[in-house]
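Trainee: First the structure, then my questions, so here it is.
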Amino acid sequence: MEVVIVPDAKAGGEIIAEAMAALLRRKPDALLGVATGSTPLPVYEALAGKVRAGAVDASRARICQLDEYVGLPADHPESYRSTVLRQVVEPLGLTADSFMGPDGTAADVQAACEAYDRALSEAGGVDLQLLGIGTDGHIGFNEPCSSLASRTRIKTLTEQTRVDNARFFDGDIDQVPHHVITQGIGTILEARHLVLLATGEGKADAVAQSVEGPVAAVVPASALQLHPHATVVVDEAAASKLKLADYFRHTYTNKPTWQGL
Ligand code: PGA
């Protein structure tokens, strides 16, 4: 796993946006897996800035979602479909045609989950999957003790995640859905490159356990240790509990084996 320690969230956004831009220059129709939440916003702002500046052509990019609330209407402002359209698809100048996500309104949720896994494979697989991390160590909405081999499926959110996400619902936890569809950990591990961004002290424990702890379903993000090309980008606050922080700084600065973002 490559760990990159950056001074702040903006620098993390910039370095990941540049990795996405480099991918799009190599492969203009790359499938970019995006995440929701507050953490990835600097990535999307930086990438949209590069598109506006003409530094990269994203007109053929394809975007896919990691997860979705079950039961929120697709056009609800806090559905992840609406969120990704607003934060990623529209700022990049793309249309809804270039975007795919699981159907959180399907009558048959299981069939919708299977259809989404199939659609990702048929699209050629995800080239770069951006991930956040929950304070409980989740990736996507794979809460602690999710099978490391799991596929896209319905999950029940922990109380902690609903508390964390209440800020998107006027601070009212009762409005936060209990259920979600999420790409499974096994599904996420099929992406060709995983890039996890974590910022702020609140993520420091989850980052340390994921990077330096054992691979364990109780810390879903530790599954990144199983991936041949996983990059963890953290600001100083989120890196504050990493025992190997100095080593990671040294490795990045000296780059003998650096695969590149
Ligand atoms: P956050 O969410 O970026 O809003 O902290 C991260 C996550 O839950 O994956």
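The values are calculated or read from the model by the stated rules, or taken from the named source; none is laboratory data. Please read these numbers as outputs of a predicted model, since none were measured by experiment. Cβ atoms come from the backbone with ideal geometry, glycine included; neighbour counts cover every protein chain shown. The accessibility values were calculated without ligands, DNA or RNA, using every heavy atom of the protein model including side chains. Shrake-Rupley method; radii C 1.70, N 1.55, O 1.52, S 1.80 Å.
Trainee: List the residues of the stretch 57-89 whose backbone N lies under 18 Å from a point placed 7 Å from the Cα of Glu114 along the Cα-to-Cβ direction.
Mentor: none
Trainee: Additional query: Considering only C-alpha atoms, what is the centroid distance from the stretch 76-129 to the stretch 164-187, in Å?
Mentor: So the separation of the two Cα centres works out to 16 Å.
Trainee: Using amide H atoms built 1.01 Å from N in the peptide plane, name the residues 5+ places from Met100, or on other chains, whose amide H lies under 5 Å from its own.
Mentor: So Met100 has HN proximity to Ile63, Cys64, Gln65.
Trainee: Calculate for the chain the 222 nm mean residue ellipticity that helices alone would give, adding -39,500 (n - 2.57) per DSSP H run of length 4 or more and normalising by residue count, nearest 500 deg cm²/dmol.
Mentor: Only helices count here, giving -9000 deg cm²/dmol.
Trainee: Taking the dipole about the Cα centre of the stretch 88-160, with the C-beta of Lys and Arg at +1 and of Asp and Glu at -1, give me whichever of Cys113, Gly137, Ala96 is farthest to the positive side.
Mentor: Value: Gly137.
Trainee: So, for the stretch 1-47, what is the accessible surface per residue at a probe of 1.4 Å, expressed in square angstrom?
Mentor: 35
Trainee: Please give the peptides 151-161, 12-22, 166-176 ranked by average Cβ packing (other Cβ atoms within 10 Å per residue), highest first, as a rough proxy for protection.
Mentor: On the way: 151-161: 17.8, 12-22: 21.1, 166-176: 12.5.
Descending mean neighbour count gives 12-22, 151-161, 166-176.
Trainee: How many nm is it between the label spots at Ala96 and Ser38, if each spot is 7 Å from the Cα in line with the beta carbon?
Mentor: Once both label points are built, they end up 3.0 nm from each other.
Trainee: So, one more: Please turn the phi angles of the stretch 30-36 into ³J(HN,Hα) values with the Karplus equation 6.51 cos²θ - 1.76 cosθ + 1.60 (θ = phi - 60°), one per residue in order, whole Hz, x for glycine and proline.
Mentor: My calculation for the stretch 30-36 gives 3, 9, 9, x, 10, 10, 10 Hz in order.
Trainee: Here's another thing I want to ask about it. Leaving out ligands, DNA and RNA but keeping every protein chain, what accessible area does Tyr44 have, in Å² rounded to the nearest 10, with a 1.4 Å probe?
Mentor: Tyr44 has an accessible surface of roughly 10 Å² with all protein chains in place.
Trainee: Also: Return a single number: how many Lys pairs in the chain, at a sequence separation of 8 or more or on separate chains, have alpha-carbon atoms below 17 angstrom apart.
Mentor: Lysine pairs satisfying the spacing and distance rule in the chain number 5.
Trainee: If you don't mind, another one. Of all the accessible heavy-atom surface of the chain, with the other protein chains kept in place and a 1.4 Å probe, what percent is carbon and sulfur?
Mentor: The computed percentage sits at 53.
Trainee: Residue-wise, which Karplus ³J(HN,Hα) couplings in Hz belong to the stretch 89-101, taking 6.51 cos²θ - 1.76 cosθ + 1.60, θ = phi - 60°, and x for glycine or proline?
Mentor: So the J values, rounded to whole Hz, are 5, 5, x, 7, x, 9, 10, 4, 5, 8, 10, 9, x.
Trainee: Once fully extended, how much extra length lies between Ile173 and Ile154, figured as 0.36 nm per residue of separation less the alpha-carbon to alpha-carbon distance?
Mentor: 4.9 nm
Trainee: Suppose the chain between Val218 and Arg52 were pulled fully straight at 0.36 nm per residue; how much longer would it get relative to their current alpha carbon spacing?
Mentor: Gain in length upon complete extension: 55.6 nm.
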